[in-house]
Structure formats: structure tokens, C-alpha cells
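Undergrad: The following block contains the structure, expressed as C-alpha cells.
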Amino acid sequence: MNDTDINDAVSRVLAGFSGAPVQAIVPAPTAAPIAPARAPAPAPASPTASSSIDETVARIMAEMAGTKVAPAAENLATAPFSDHCPTGGTDCTGCTGCEPSDGLVSFSISDEEAVTLGDGVFATMDEAVEAAAEAQRQYLFCTMQARKSFVDGIREVFVDEAFLERISRMTVEHTGMGNVGDKIIKNRLAAQKTPGIEDLKTEAVSGDDGLTLVEYSAFGVIGAITPTTNPTETIICNSIGMLAAGNSAVFSPHPRAKVVSLLAVKMINRKLATLGAPANLVVTVQAPSIDNTNAMMTHPKVRMLVATGGPSIVKTVLSTGKKAIGAGAGNPPVVVDETADIEKAAKDIVNGCSFDNNLPCIAEKEVIAVKEIADFLISQMQKNGAYLVKDPAVIKKLEELVLTPKGGPQTNCVGKSAVYLLDKVGITVGPEIRVILIELPKEHLFVREELMMPILPLVRADHVDQAIDLAVELENGNRHTAMIHSTNVRKMTKMAKLIQTTIFVKNGPSYAGIGVGGEGYTTFTIAGPTGEGLTSPKSFARRRKCVMAEALNVR
């Protein structure tokens, strides 16, 4: 539409105010059916400029009179003021995903159906990325209110109690890690407390030289690698954050969590279809693999990479040359000094360490206790579900059970319960035992390595300053998470300054740091290696400047 067209259109609209007749546009006799949200369709033929203008003017004038005029079927996707587009699209040529569902979408997906093609699941990574790229192109023209509705729709899927229980149980069964009750808490947390579009705050500067806005804008297609330790939690959290920022998301799940990961993606797509979202905003592949992950990372249409996992995958995404966010390993220490509420500290430490069988990277991995309260702390931890191991022979068996020859954790022991691990070394305990407590020197591998299982070493320190220094050493510079139990504000401040972790919890269990019993939003991508720290929608967006020179300063 050129300037002349615009002037003519405006004149016709203004003429309508004086009663000038407006010729109604007669819709096509038979409208072509809207293609399903997941099916590709050819782009509709482009209307002529004059027919598009006439149709738009007719629709405006009809709506002024309180009557809605149906657009011609062939122009449904391009009419700028069409009620057809619930997302407010203005350039949706070729879009077949903006039509809301008729309400017949089924949310009953079996385990077998979860791994079939469709609903965001593609045979190849190239197909998945191409679909996500097209979806994001359409998504650019959706309103912020539409983004909010899509994010809220994802939340609705994962706060359903029956579905929460199902995906949590499936995750434990398929990965062999964690426990159902805590996974329900984590999945619900990701759905309810991951930030949405409210995180994207505009900055404005005005003065004699005009008005400048700095806003958060989408990267485009984001490739996200999810871990086997938190498969659905990461998909929920990243889907909300990435879509809130205006991106589409391509997930590369861990193969051991394939079924539940694909189920989560399918459910998101079916929900988004009912809300009129562009198809394939969230996609994945039918057979997750290292090859597919590599294909995603190197695809030219993937503009950002987000890796939630260990050091190796973070190093890999950083080597691609693309913008990358890496959520790497942690080895969170907890310091307990002589001023702490020892009874509460003991309970908090056991609860935090045992949460989902110690799978979260935020969970307490080692305790550094000031020696004058160490024995009392141990006794209180025993009262709260810790099993104290003193026998060197049992400690040796545990080492052989849970460590690889290279000193890292055995995969088949990660995320197992304390009951399970003790049984493997010949000790039978009841379900009340949640943590295996062992007093060890600071050089021991149980202290130095992030095991991700409820084996909790305790190291004694002569005083709190020594304990803080040791905590900094053992955290290994990951800048992930640390805890302290103390009432000495100066010592808490000192540790916070020295350890520089993204999450620092005082006088609470580690999970308070992600919003379970603590204030603030949650995230399951805690990016220490690349510096973003607590990720949220603005982490998945670019800061862009929009400048109006010499105008719009009204002061």
C-alpha cells in the first residue's frame, strides 16, 4: 500500500462519517476449510492492493455500524483488521496456524502416541528447525496479549494434577532417577513461577533530541538442550520463557527421557493450537540423539543455544560461535556456624539434600560445620532422616558402588534414594532414611565431586572464616549455589561476597533458592558458566534501541 492508496483509504473512511455509502464485500460462496494447525499448506494467492484496501475499508465501516463483514475466503490470512486472526497478525501470508481450534482437540495422549510424528514432533532436526523458523516468523506479528495467552495456556497444561502426576511418574520410571513427589513439586513450580511477558520491561529516554526506547526483542529460533535430570521441568520453564520473549523453541531432549519429553512437547502444541498460536512454536525430533543435537547446534536458522547440563555440553555450545547460554555443573556447599539454629539447620539440610534424591544442581552436596557444633548438628540430622556411616569398610563399598574409575559418579546411581544405595552395600533401612551422612576430610572425592545422589559428606572447620574459605574452594568456581546457616550478618555477607554464586540461601533449604518456600521466580536453567545467572524471558531476548529523533518529547 503506497501513500496514494493510504490517502484514498482514509478519505473513504472519513466519508463514512458523513453517511457516504460503503459497498459491502460479498464473501466467497464457499470458504476453503482452514488447514489443521500442524499441516503445511501453500501460501494463499496475494490479493491486489486495491481489493485489499477496499475490503479493509468495508470492514472498518461495517464495524463502525455494529455489523461485522466476513472477509473473502482467499484473503483470510492477509486482512489487516480481520477477526480471523486472534493474535492480531498483520503479515501472516501463508500462515495456517492462526485459526483457533473448534474445541475438538484431544489432550488424551498415550505413551505410544507421544512418540509419533505430529504436534511439534518431526522426523528430522532439519524439518523441526525449518518449522520453528516459519512459526517464529508468524509469531513476530502476534500481540503481546497473544503471547501472554499462549504462556498462560502452557501453564494450564502443567498445573493439571493428573497430568503432573503422570509426567512425574513417567520421568522416574524411564530415567530411573528421583522420586515422584518431588518431581510433581518441581513441574508445578516451573509452570507457576517461571516469569512471562512481565519480565520484558521497556526503558525510555526523552529529551531535546527526541525519544528513545530500549526494548527486549526476540532472537528467533532457540535450540535448547535438556537434561535427563530435569527433563520436563526444563521444557516447561524454557518454553514459557522463550515464547514470552517472542522466540520459537527447538528442544533436543535426553534419549532416556524421550517419551515424557515428547509428550510434554505434544501437549504444549495441542494447547497452543486451541489458542490460535502459529503452529510449531515448540518442536522436537522423534528420535533424540547426539547427531540430532549436533544438527540443531549447527543449523543456520538457530540463532541462540541454551544448554542445561554438564560441563561438556556447555563447552560444546560455546564452541559453535553462536550466542549461547550454558547452565553447567555445581557443587553447592552449606556452611553451619556456632550462631545457627542447629535444629532447624539440620532439618533444612536433610530436606534440601534429599529433594528429588539430590538431582537438582542447587541441592546441598557437602556440609562444612564449625567444630564446636558439628556433633550436635550430626545428631540432629540423624533425627531428621540422615543415616550416619562410620565404618570404613562401608564407606569403601559406597565408593566402589557410586564412583567410576575416573572418580566421577556412576550413572546408574545418580538420583537413586538413600535406601537403595544402602541396600546395595548390605544395609537395610526404612523409608524414613533420606540421606547418607559421612564425616570425611576435604580431599575425599565425595566432597570434591558433584554426585547428584543423597550421599552427604561433612567436613569440620576450626571456625566460620575457615568454613567460608573451604566452601569457596569446594564450590570450584562454578558460581552456582551455596547455603549458610548463621545469625551473624557480617559472616553471611562475607560468604556472599567471596563465593559469588548465582543462588545464595541463608537459613533455609537449598530449594528455597528456586522458589519452593522462598520468595521470587523460578528457573531450571541457572547459567553460571556464561554469566546470565538466573535466566528468565529477558535472557532469551536482545536489547534493541528504537529512536525517534527531534520528536515525541512532550516535557
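The values are calculated or read from the model by the stated rules, or taken from the named source; none is laboratory data. What you are looking at is a predicted structure, and each value in this text was computed from that prediction instead of being measured. With ideal geometry, Cβ positions are generated from the backbone for all residues, glycine too; neighbour counts draw on all protein chains shown. Remember, those area values only see protein heavy atoms, side chains included, never the ligands or the DNA or RNA. Shrake-Rupley method; radii C 1.70, N 1.55, O 1.52, S 1.80 Å.
Undergrad: Which one of these does LEU437 not meet: (1) open to solvent by 20 Å² or more (accessible area, probe 1.4 Å); (2) modelled with pLDDT of 95 or more?
TA: With respect to (1) open to solvent by 20 Å² or more (accessible area, probe 1.4 Å); (2) modelled with pLDDT of 95 or more, LEU437 is out only on (1).
Matching residues to (1) within 21 Å of ASP356 (Cβ to Cβ); (2) part of a helix (DSSP H, G or I); (3) free of Cβ contacts under 8 Å to residues at least 60 places away in the same chain; (4) of a type in the set (A, V, I, L, M, F, W, C):
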{"position": "ILE436", "(1), (2), (3), (4)": "yes, no, yes, yes"}
{"position": "GLU443", "(1), (2), (3), (4)": "no, no, yes, no"}
{"position": "GLU450", "(1), (2), (3), (4)": "yes, no, no, no"}
{"position": "VAL459", "(1), (2), (3), (4)": "no, no, no, yes"}
{"position": "LEU470", "(1), (2), (3), (4)": "no, yes, no, yes"}
{"position": "GLU473", "(1), (2), (3), (4)": "no, yes, yes, no"}
{"position": "ILE484", "(1), (2), (3), (4)": "no, no, no, yes"}
{"position": "LYS491", "(1), (2), (3), (4)": "no, yes, no, no"}
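Undergrad: Here's another thing I want to ask about it. Got a sec? Which of PRO509, PRO529, PRO537 is farther than 21 Å from MET452 by Cβ and either open to solvent by less than 40 Å² (accessible area, probe 1.4 Å) or touching a strand residue (DSSP E or B) at 6+ places or on another chain (Cβ under 6 Å) (or both)?
TA: PRO537
Undergrad: Can you say whether LEU211 is in contact with a Gly (Cβ under 9 Å, 6 or more places away or on another chain) and at negative phi, as far as the supplied structure shows?
TA: No.
Undergrad: Which helices (runs of 4 or more DSSP H) does segment 130-209 wholly contain that include 2 or more residues that are free of Cβ contacts under 8 Å to residues at least 12 places away in the same chain?
TA: Of the helices (runs of 4 or more DSSP H) lying wholly inside segment 130-209, those with at least 2 residues that are free of Cβ contacts under 8 Å to residues at least 12 places away in the same chain span 161-175.
Undergrad: Being open to solvent by less than 10 Å² (accessible area, probe 1.4 Å) and at pLDDT below 95 is the filter here, so list the residues in segment 183-225 that pass it.
TA: Within segment 183-225, just GLY210 meets the criteria.
Undergrad: Does segment 257-267 contain at least one residue that is under 15 Å from PHE150 (Cβ atoms) and either modelled with pLDDT under 95 or under 14 Å from the mean Cα position of the chain (by Cα) (or both)?
TA: yes
Undergrad: Another one. For ALA295, indicate whether it is open to solvent by less than 30 Å² (accessible area, probe 1.4 Å) and either charged (D, E, K, R) or outside any loop (DSSP other than H, G, I, E, B) (or both).
TA: Against the criterion (open to solvent by less than 30 Å² (accessible area, probe 1.4 Å) and either charged (D, E, K, R) or outside any loop (DSSP other than H, G, I, E, B) (or both)), ALA295 does not qualify.
Undergrad: Take GLY477 and decide whether it is at pLDDT below 95, surrounded by fewer than 14 Cβ atoms within 10 Å (Cβ to Cβ) and part of a loop (DSSP other than H, G, I, E, B).
TA: So GLY477 fits the description; yes.
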